[in-house]
Amino acid sequence: MRYIRLTALILSLVLLTGCSIIPFQTPEEQRAALEAAEARREESQARIDPAAELEGDYIINRTLTNSVGVTLATYQAAFPRFSVNGLKANSFARINSYFSSESSGLVQDAESFFSQVKAYYGPDWDTVTEATTDFAVSITYELLNAPQEYLSVRTDISICEHGQTETYPRAQVFLLDNGWKLSLETLLGSYYDEAAPMLLADILEWCGENGIVVTGSGSRTLEEFSENFALTREGFLFYTDSFALNNKNANRYTIPVDLERYVRMLGQ
């Protein structure tokens, strides 16, 4: 009882003196807090056009030239670099970090490619007077027309060896709210288990409509297609590798799936 009375007395004194147990804020501090909260709200609701935030490229431009001035191979790559001075600055900084790492990682790949070219020309590669065939790697990118909360980047990789060129796409999807790269599973969140069989059915239906044979279609899983996908305002794009659909088909395909049935499943 003694402690209860003491507590009641303290509360009474607080009320009588007009004091508050909540830390006091000056009008200036209150205004600053409100402005900061409003800025955070505006940023979270802002509709960002990633193309307008594009500031430049991360570029690799390497050439293998021998001592007599003959260019034997080239290696060029470009990845997007975004401004980090506006809204979603932290998100774009994280996206930049991803593509900066991708660019840095290709430096060793370029050296490996040049080593293959040197091996092709043999021990005298440094003194050959004429390039007898084409060797080149080119990596370019395109910002796709993604829904407003997302960034989709398609990267096209072209490799020319012995005059034969092969091009294949890769894609990355980012959430603009935080800049993280998304897998298909994280993109769909709690809806993934519902969406997976629907997406797989749509992929296989497209193949059937286009006369493409899919070996073992009844035992296929979405994971076989979800490692390389993009998201646009129209739908998903699934990029396949050579021989992915059957062992006699070396073609690469871009398989579209309409977004209409899946819109409600995004952003979870």
Range of Cα positions in segment 227-268 per principal axis (Å), largest first
38, 16, 13
Note on segment 118-268: contact order normalised by length, alpha-carbon pairs under 8 Å, 6 or more apart, percent, works out to 20 percent
Going by amide H atoms built from the backbone, whose H comes under 5 Å of the H on Tyr150, apart from near neighbours?
Leu176
Taking Cα centroids, how far is segment 72-99 from segment 205-268 in Å?
28 Å
Under 5 Å between amide H atoms, partner at least 5 residues away or on a different chain: which partners does Asn249 have, H built in plane at 1.01 Å?
Phe243
Given a 1.4 angstrom probe, I'd like the percentage of the accessible area of segment 169-268 that is carbon and sulfur, rounded to a whole number.
49 percent
Out of all Cα-Cα pairs in segment 125-268, roughly what percent, to the nearest whole number, are more than 19 Å apart?
58 percent
Heavy-atom accessible area per residue of segment 37-153, all protein chains kept, 1.4 Å probe, expressed in Å², is 54 Å²
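The values are calculated or read from the model by the stated rules, or taken from the named source; none is laboratory data. All values derive from a computational prediction rather than experimental measurement. What goes into the accessible areas is simple: the full protein's heavy atoms, side chains included, and nothing from ligands, DNA or RNA. Shrake-Rupley method; radii C 1.70, N 1.55, O 1.52, S 1.80 Å.
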